[in-house]
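K.L.:
Please see the structure below; I have some questions.
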Amino acid sequence: MASGDIVLGTNQYGKAECRLVRVDRDRPEHRITDLNVTAQLRGDFTACHVDGDNSRVVATDSQKNTVYAFARQHGVRTPEHFLMTLGAHFLDTYPWVEGGRWEAETYAWGRIEVDGAPHDHSFVRTGTEVRTCVVQKDGPATWVVSGLRDCVVLKSTGSEFHGFPRDRWTTLAETDDRIMATSVTAWWRYAPTGQDELEALDFDALFADVRATLLEAFADLHSLALQQTLFEMGRRVLERHGVVAELKLSCPNKHHFLVDLEPFGLDNPGEVFLAADRPYGLIQATITREGQPEVPQAWASVPGFA
Ligand SMILES: O=c1[nH]c(=O)c2[nH]c(=O)[nH]c2[nH]1
């Protein structure tokens, strides 16, 4: 082939954002699972792209139907299990499907309280935080990356920032007491890549504990920089969970500026702040175990990170 010929590079395709609500109604207290599922296949789809030959193209409509049918047939044990079941199905069914990417966002619902008791079948959306998961398969290997986003946290003291270099462009005052606030996006990769080992994991319990650990570290650490807080959050998760191989954290620094009330003859001992919207510092880090090889396949197409 002459250099300069135009060829197909990496590609994937599927149905994005299949909104799926499953009601488990085997007991009087119904349970709801509210998901936004994106399913994408990878493999040799050159004939379709180059010649319009669809003989190997599992229609995105069929991929969408499979999402809903599997929710009925298999239920949704956890988002991670559901995505792994979907992925295994497509690889088992179509020999030319070599891998894929299956993503789910999960929206949390709590029970409405009536006369002090949780209602059986009435729910209220709890906050804006979203649980996330991306399952990627390549032949027999499966990578599961779970996470959360839009988890907004603030501490009203216990945060300092000083000792940074100063040049002619520096105006920021040093502080030993400030508000620290951020919206945490966290992704963590599970170490196993075998379907059986992954299926044995209790992903709901792991999610709850990783989330609690992240929040506890944010609260606990007397912080000298948001960077230090990020690292501590990840460090604690890795210390507690051998099954987690590494984490990626992305935290905007939601600046809160002390308002100067002197023009009005008022002092302001850390009580009144302007919550700035933008620009914001953006702190991102991978926290991993020493000597561990990088696993780019697991992170391919996980948004927001290189
Ligand atoms: O925790 C912080 N890290 C920074 O790198 C930084 N830069 C800045 O202006 N404020 C802060 N705060």
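The values are calculated or read from the model by the stated rules, or taken from the named source; none is laboratory data. Quick caveat, the model's predicted, so the values are computed rather than measured. Glycine gets a Cβ as well: all are built from the backbone with ideal geometry, and neighbour counts include every protein chain shown. To get the accessible areas, we keep the full protein, side chains included, count just its heavy atoms, and leave off ligands, DNA and RNA. Shrake-Rupley method; radii C 1.70, N 1.55, O 1.52, S 1.80 Å.
K.L.:
Quick one: length gained pulling Ser62 to Arg168 fully straight, 0.36 nm per residue minus the C-alpha distance?
P.N.:
Values: separation 106, 0.36 × 106 = 38.16 nm, distance 6.09 nm.
Taking Ser62 through Arg168 to full extension adds about 32.1 nm, to one decimal.
K.L.:
Turning to a different aspect of this structure: Give, as a single signed number, the net charge of other residues whose beta carbon lies under 14 Å from the beta carbon of Asp177, with Lys and Arg counted +1 and Asp and Glu -1.
P.N.:
Details: positive: Lys155, Arg178; negative: Glu160, Glu174, Asp176, Glu271.
Around Asp177, the charge tally is -2.
K.L.:
As I understand it, the dipole of the chain uses +1 on the Cβ of Lys and Arg and -1 on the Cβ of Asp and Glu, about the Cα centre. Which of Thr66, Ala217, His256 lies farthest toward its positive end?
P.N.:
Positive-most Cα among the choices belongs to Thr66.
K.L.:
Give me the net charge of Leu258's neighbourhood, meaning all other residues with Cβ under 12 Å from the Cβ of Leu258; Lys, Arg count +1, Asp, Glu -1. Intermediate values should be presented prior to the final figure.
P.N.:
On the way: positive: Arg178; negative: Asp177, Asp260, Glu262, Asp267, Glu271.
Neighbour charge sum, excluding Leu258 itself: -4.
K.L.:
Hey, another quick one. Name the most mobile residue of Phe90, Phe70, Phe264, meaning the one with the largest mean-square fluctuation, in a Gaussian network model of the chain with Cα contacts below 10 Å.
P.N.:
Phe264
K.L.:
Please compute the per residue accessible area over the chain with all protein chains in place, 1.4 Å probe, rounded to a whole number of Å².
P.N.:
Dividing the accessible area of the chain by its residue count gives 55 Å².
K.L.:
With +1 on the Cβ of every Lys and Arg and -1 on the Cβ of every Asp and Glu, and nothing else charged, how large is the dipole of the stretch 9-138 about its Cα centre, in debye rounded to the nearest 20?
P.N.:
Working: 16 positive and 19 negative charges, 32 e Å.
The dipole of the stretch 9-138 has a size of about 160 debye.
K.L.:
Further question on the same structure: With the chain treated as a Gaussian network of Cα nodes joined by springs under 10 Å, which of Arg235, Arg27, Arg149 yields the largest mean-square fluctuation?
P.N.:
So, out of Arg235, Arg27, Arg149, the one fluctuating most is Arg27.
K.L.:
Please report, as a whole percent, how much of the solvent-accessible surface of the stretch 140-306 comes from carbon and sulfur atoms (probe radius 1.4 Å). Let's see the in-between values first.
P.N.:
Details: 5070 of 9190 Å².
Ligands and nucleic acids excluded, carbon and sulfur reach 55 percent.
K.L.:
Which residue, Gly158, Gly194, Gly265, has the most motion in a Gaussian network model of the chain that connects Cα atoms within less than 10 Å?
P.N.:
In this elastic network of the chain, the residue with the biggest mean-square fluctuation among Gly158, Gly194, Gly265 is Gly265.
K.L.:
Would you work out the charge dipole size for the stretch 63-215 about its Cα centre, treating the Cβ of every Lys and Arg as +1 and the Cβ of every Asp and Glu as -1, and quote it to the nearest 20 debye? Working shown, then result.
P.N.:
Details: 15 positive and 22 negative charges, 89 e Å.
That gives a dipole near 420 debye.
K.L.:
Show that you can apply the helix-only estimate: for the chain, add -39,500 (n - 2.57) for every DSSP H stretch of four or more residues, divide by all residues, and state [θ] at 222 nm to the nearest 500.
P.N.:
Numbers: 7 runs with 77 residues, N = 306.
Calculated from helices alone, the mean residue ellipticity at 222 nm is -7500 deg cm²/dmol.
K.L.:
Follow-up. Net charge near Val7, counting Lys/Arg +1 and Asp/Glu -1 over other residues with Cβ under 15 Å of its Cβ? Please report the intermediate quantities before stating the final value.
P.N.:
Details: positive: none; negative: Asp5, Asp44, Asp51.
Summing Lys and Arg as +1 and Asp and Glu as -1 gives -3.
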